[in-house]
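> Mind having a look at this structure? Questions to follow.
The values are calculated or read from the model by the stated rules, or taken from the named source; none is laboratory data. Remember, predicted model here, so these are calculated numbers, not experimental data. Counting neighbours? That spans all protein chains shown, and the Cβs are built from the backbone with ideal geometry, glycine included. Note: areas computed on protein heavy atoms with side chains; ligands, DNA, RNA excluded. Shrake-Rupley method; radii C 1.70, N 1.55, O 1.52, S 1.80 Å.
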Amino acid sequence: MSTAREAKKAELKKRLIDAAEAEIIEHGLAGLKARAVTARAGCALGSLYTVVEDLDMLVIEVNSRTLTELGATLTEAVTQAGDTPQHALQALALRYADFAIAHQPLWLSLFEHRLPEGQDIPEWHKQEHAVLVEVIAPHLAKLRPDMTHEALILRTRTTFAAVHGVVYLALQGRFVGVPMDALKSEIAGLVETLTAGAAQMTKD
């Protein structure tokens with residue numbers, strides 16, 4: 001009986017995550033409404049709160065799924081890249097841009113979702129975000145073997161933030177953002193500059 005009840009709850013949770021994901025894709029994070037999610041999932045409004053605490057926690061479940069997909073596609077990019085750290089970092093940056101363009105509403109949700117004041121992001125979800133730097137660090141380490149672990153992680157975060165910022169501003173159509181038709185070439189140029197500088201510092 002307990003197993004059947006747990007299976008039913010898991011199936012309902014998946015339907016709700018699927019529905020929330022579809023709603024975010026169609027209406028954006030700002031347009032996400034609990035009633036629309038449960039209507040799409042084919043369940044009562046109250047059913048939502050039997051599987052998650054609230055709508056914010058459901059968004060975290062959607063974001064978790066997006067991070068898993070993003071992590072997989074970045075890992076795939078590395079396996080298809082050349083055998084140098086420069087090739088790997090170029091592949092990661094360009095694949096990141098591709099993912100953001102193809103999944104813009106879900107990608108934006110990763111960075112724009114905010115919990116109410118006083119409510120903390122679950123630790124397991126914080127750890128999931130580590131994939132965004134874990135795929136970069138090993139390749140950056142090959143360029144900067146002189147760095148301490150702490151310095152390397154900080155530089156990895158800076159490198160990610162640089163690429164992310166270019167992608168974000170372009171997709172938002174900001175005045176200072178690069179045009180979409182130049183986005184990937186500018187990202188490639190940025191990574192080329194960053195990796196060339198890192199390699200030169202190691203030589204010096």
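> Taking segment 147-157 on its own, how many of its residues are crowded, with 17+ Cβ neighbours inside 10 Å and in contact with a Lys or Arg (Cβ under 9 Å, 6 or more places away or on another chain)?
The number of residues fulfilling the criteria is 3.
> Where the second residue is basic (Lys, Arg) and open to solvent by 40 Å² or more (accessible area, probe 1.4 Å) and the first is farther than 18 Å from Leu29 by Cα and lies in segment 48-74, which pairs have Cβ atoms under 8 Å and are six or more apart or on separate chains?
Thr50/Lys9; Val51/Lys9; Val51/Lys13; Thr73/Arg95; Leu74/Arg95
> Separate question: Working only within segment 116-130, note down all residues that are loosely packed, with under 14 Cβ neighbours inside 10 Å and either in contact with a helix residue (DSSP H, G or I) (Cβ under 6 Å, 6 or more places away or on another chain) or not in a loop (DSSP other than H, G, I, E, B) (or both).
Glu123, Trp124, Lys126, Gln127
> Might you let me know whether segment 131-146 holds any residue that is in a loop (DSSP other than H, G, I, E, B) and open to solvent by 30 Å² or more (accessible area, probe 1.4 Å)?
yes
> Given (1) under 18 Å from the mean Cα position of the chain (by Cα); (2) modelled with pLDDT under 95; (3) farther than 30 Å from Val52 by Cβ, where does Ile121 come up short, assuming only one miss?
(3)
> Output the qualifying pairs, or none if there are none: Cβ atoms under 7 angstrom, residues six or more apart or on different chains, first residue in segment 106-117 and in contact (Cβ under 8 Å) with a residue 12 or more places away in the chain, second residue part of a loop (DSSP other than H, G, I, E, B) and surrounded by fewer than 18 Cβ atoms within 10 Å (Cβ to Cβ).
Pairs that qualify, where the first residue is in contact (Cβ under 8 Å) with a residue 12 or more places away in the chain and the partner is part of a loop (DSSP other than H, G, I, E, B) and surrounded by fewer than 18 Cβ atoms within 10 Å (Cβ to Cβ), are Leu115/Ile121.
> Report yes if Ala170 is free of Cβ contacts under 8 Å to residues at least 12 places away in the same chain, within 24 Å of Ala91 (Cβ to Cβ) and not charged (D, E, K, R), otherwise no.
The answer is no for Ala170.
> Another question about this same structure. Can you tell me which of Leu48, Leu32 is under 20 Å from the mean Cα position of the chain (by Cα) and over 21 Å from Glu128 (Cα atoms)?
Step by step, each of Leu48, Leu32 is checked, and only Leu32 is under 20 Å from the mean Cα position of the chain (by Cα) and over 21 Å from Glu128 (Cα atoms).
> Which one is nearest to the chain's Cα centre (by Cα) among residues in segment 158-184 that are surrounded by fewer than 15 Cβ atoms within 10 Å (Cβ to Cβ) and of a type in the set (D, E, K, R)?
Applying the filter and picking the extreme gives Arg174.
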